[in-house]
Amino acid sequence: MSWNHVDGENKGKVVLYALSTCEWCKKTRLLLEDLKVDFSYIYVDLLEGDERSELIEEVKRFNPQLSFPTVVLNDENTIVGFNEEGIREALE
């Protein structure tokens with residue numbers, strides 16, 4: 001799987017599941033970059049076959065509705081959709 005990584009301040013494990021064509025996903029990625037947070041992200045729609053199926057199941061564990069963007073902090077705190085206030089609070 002081709003995860004992308006952005007270096008920044010360590011705020012724990014921060015993962016963004018996104019779609020390459022989603023403007024809200026792009027805004028979420030740019031927010032995380034602006035906050036200078038260390039995070040990884042992946043565009044689910046660019047995956048194929050088993051990789052895509054596996055990642056979809058992974059996203060569903062955190063967000064059963066499988067909507068994007070989905071941000072997961074430390075495998076326990078999930079923020080669905082573009083939620084600037086929620087992301088800022090979770091990273092404090």
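Read the figures in this text as sums done on the coordinates, not as results from a lab. In this text, all values refer to a predicted model and were calculated from it rather than measured experimentally.
Here are the numbers:
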| item | result |
| --- | --- |
| Relative contact order, percent, the chain [alpha-carbon distance under 8 Å, six or more residues apart] | 34 |
| Difference of contour (0.36 nm per residue) and Cα-Cα distance, residue 38 to residue 76 | 12.0 nm |
| Rg ratio (alpha-carbon, reference 2.2 N^0.38 Å) - the chain | 0.99 |
| Interchain or long-range residues, amide H under 5 Å from residue 37's placed H | 9 |
